[in-house]
Amino acid sequence: MWTGLLDKYRAYLPVTDKTPNITLHEGNTPLVKLDNFVRQEVGLDLNVYVKFEGLNPTGSFKDRGMFLAISKAAEAGSQAVICASTGNTSASAAAYAARAGLKCFVLIPDGNIALGKLSQAMIHGAKVLAIDGNFDDALAAVKEISQKYPVTLVNSLNPFRIEGQKTGAFEISEQLGRAPDYHFVPVGNAGNITAYWQGYQEWQSAGQIQGLPRLMGFQAAGAAPIVDGQPIKDPRTIATAIKIGNPASWRRAEAARDESHGVIEKVTDAQITAAQIALAAREGIFCEPASAASIAGLLKKAKEGIFQQGDTAVCVLTGHGLKDPDRAIAVAPPVSKTSADVQEIAELIGL
Ligand code: F0G
């Protein structure tokens, strides 16, 4: 029986016998091969897989790091945790804090987080504060609060978040039986690309894999500070999860890019949306917009001709599509209204 990341990867995590295991049995997400989509879109004999992190307990990859951040906060005797969030971190923090019996405070940019994520933070009993400002403003505030008051920061500046998230690289390597040639990942606050690079390097040092992947990070075009080389005051993108103008792990993301001989580039909202729809409609996999940035990135690089026949690429689908139902309804083909008349229905569906 799968019982979560601590039981599986204890030897590689910064825990002791005293660390409680606050788990929702996170991890062990499927690595699914894309068949239809790759043949049609890429036109190459590529092995493309998606790591469907939307199937974690709260619907995003955040659970990998949050289980550990909350377990360590509980071990240290903390009574409360706080985070800024574009939505998924707050959903995960709220759930794990509830399980640990800790108070949870979350700051979100008012009007800019997807409905599913907001509902999660609320139902798990977090105190949700919608601030008049963007994610970067919220992050600055929670950093200061965690320094001044007895409350533990659980954004990815908390090193235990990165330590937990690195297990994604372990799992992918185990599922493939090797490291992929390319690892595509959306970049927002840049914790995940940092964690994956650390994870692949540790797994190599542990003798579990030989080679290392190139890390291919993708930001949304209107929120691409790392690509543009400067913070963005007013980031814009439909992919609200990665609507971030001044990422906390900026330098570490650049190090991951450079050390792995990868790239950090941008994809447009139109490319992100097209990738989200294609994945859902042709492969049956529903991810949220930010996650589709990894697929959009793969398609962009395929068009540029970087791949060779037989290469293996993994795209991380960081969050489930149900997180942002408004967006899906806005971009999908419309619903048709009809009476219950069989003739009318048959005509409508072309029978
Ligand atoms: N994809 C999704 C679905 C996310 O929620 C995030 C980040 C990212 C990608 C980017 O990952 O920040 O490690 O580079 N969401 C954070 C949050 C910022 O508050 O939920 P990153």
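Any read-out appearing in this document is the output of simple, stated calculations on the displayed coordinates, not a laboratory observation. Since the model is a prediction, treat every value here as computed from it, not as a measurement. For neighbour counting, all protein chains shown are included, and Cβ atoms are generated from backbone atoms with ideal geometry for every residue, glycine included.
I'm checking a number: the convex hull volume of the Cα atoms of the range 3-130, normalised per residue, in Å³. What is it? Mind showing how you got there, number by number?
Numbers: hull volume 16.2 nm³, N = 128.
Convex hull volume per residue, Cα atoms: 127 Å³.
For Val335 paired with Leu44, estimate the spin-label separation in nm (one decimal), with each label point 7 Å from Cα along the Cα-to-Cβ line.
A separation of 4.1 nm, rounded to one decimal place.
Using the Karplus equation 6.51 cos²θ - 1.76 cosθ + 1.60 (θ = phi - 60°), what ³J(HN,Hα) coupling, rounded to whole Hz, does each residue of the range 280-288 give in order, writing x for Gly and Pro?
Rounded to whole hertz, the list is 5, 7, 10, 10, x, 10, 9, 10, 7.
By average Cβ neighbour count within 10 Å, what is the ranking of 87-99, 335-347, 318-330 from highest down? Before the final figure, lay out each step's value.
On the way: 87-99: 28.6, 335-347: 9.1, 318-330: 19.9.
Those peptides, ordered most packed to least, come out 87-99, 318-330, 335-347.
How about the range 1-38: which chymotrypsin sites (Phe, Trp or Tyr not before Pro) there are in a DSSP loop, with at most 12 other Cβ atoms within 10 Å of their Cβ? Before the final figure, lay out the partial values.
Values: sites: Trp2, Tyr9, Tyr12, Phe37; in loops: Trp2.
In loop regions of the range 1-38 (DSSP not H, G, I, E or B), the sparsely surrounded chymotrypsin sites (Phe, Trp or Tyr not before Pro) are Trp2.
Express in whole angstrom the spacing between the alpha-carbon centres of the range 154-181 and the range 1-64.
Each part's Cα centre sits 8 Å from the other's.
List the residues whose amide H sits under 5 Å from the amide H of Ile264, counting only those 5 or more places along or on another chain, with H placed 1.01 Å from N in the peptide plane.
Gly217
For the range 4-9, take each phi angle, set θ = phi - 60°, evaluate the Karplus expression 6.51 cos²θ - 1.76 cosθ + 1.60, and give the result in whole Hz per residue in order, putting x for glycine and proline.
After applying 6.51 cos²θ - 1.76 cosθ + 1.60, I find x, 6, 5, 5, 7, 10 Hz.
Just list whichever of Lys143/Lys233; Lys72/Lys233; Lys300/Lys323; Lys18/Lys143; Lys62/Lys300; Lys51/Lys243 have alpha carbons separated by over 30 Å in the model shown.
Details: Lys143/Lys233 18 Å; Lys72/Lys233 34 Å; Lys300/Lys323 25 Å; Lys18/Lys143 27 Å; Lys62/Lys300 26 Å; Lys51/Lys243 22 Å.
Table pairs above 30 Å Cα-Cα are Lys72/Lys233.
Skipping prolines and chain starts, which residues have an amide H placed within reach, meaning under 5 Å, of the one on Ala223, given they are 5 or more residues away or on another chain?
When sequence neighbours closer than 5 places are left aside, the close amide H contacts are Arg236.
Which of the peptides 121-134, 166-179 is most tightly packed, and how do the rest follow, going by the mean number of other Cβ atoms within 10 Å of each residue? Let's see the in-between values first.
On the way: 121-134: 16.8, 166-179: 20.6.
The packing order, highest mean first, is 166-179, 121-134.
Can you pull the Kirkwood radius for the range 61-153, inverse mean 1/r over Cα pairs, to one decimal in Å? Walk me through the intermediate numbers first.
On the way: mean 1/r = 0.0783 Å⁻¹.
Hydrodynamic radius (Kirkwood, Cα only) of the range 61-153 equals 12.8 Å.
From the helices alone, meaning DSSP H stretches of at least four residues, give me the mean residue ellipticity at 222 nm for the chain, per-run term -39500 (n - 2.57), in deg cm²/dmol to the nearest 500. Intermediate results must be reported in sequence, preceding the final value.
Working: 15 runs with 152 residues, N = 351.
Mean residue ellipticity at 222 nm (helix-derived): -13000 deg cm²/dmol.
Please compute the contact order of the chain in relative form: average sequence separation of alpha-carbon pairs under 8 Å and at least six residues apart, divided by the residue count, as a percent. Show your work: numbers first, answer last.
Working: 737 pairs, mean separation 68.1, N = 351.
It rounds to 19 percent for the chain.
Could you go through the range 53-62 in sequence order and give the Karplus-derived ³J(HN,Hα) for each residue, using 6.51 cos²θ - 1.76 cosθ + 1.60 with θ = phi - 60°, rounded to whole Hz, and x for Gly and Pro?
6, x, 8, 5, x, 9, x, 8, 5, 4
Let me spell out the model: positive unit charges on the Cβ of Lys and Arg, negative unit charges on the Cβ of Asp and Glu, origin at the Cα centre of the range 61-153. What dipole size does that give, in debye rounded to 20?
Its charge dipole is roughly 340 debye.
So, counting K/R as plus one and D/E as minus one, what does the shell of residues with Cβ under 12 Å around Leu107 add up to?
Charge balance near Leu107 sits at -3.
Mind listing the long-range amide H neighbours of Cys104? Cut-off is under 5 Å, sequence gap 5 or more, other chains count too, H placed in the peptide plane at 1.01 Å from N.
Answer set, sorted by chain and number: Val81, Lys127.
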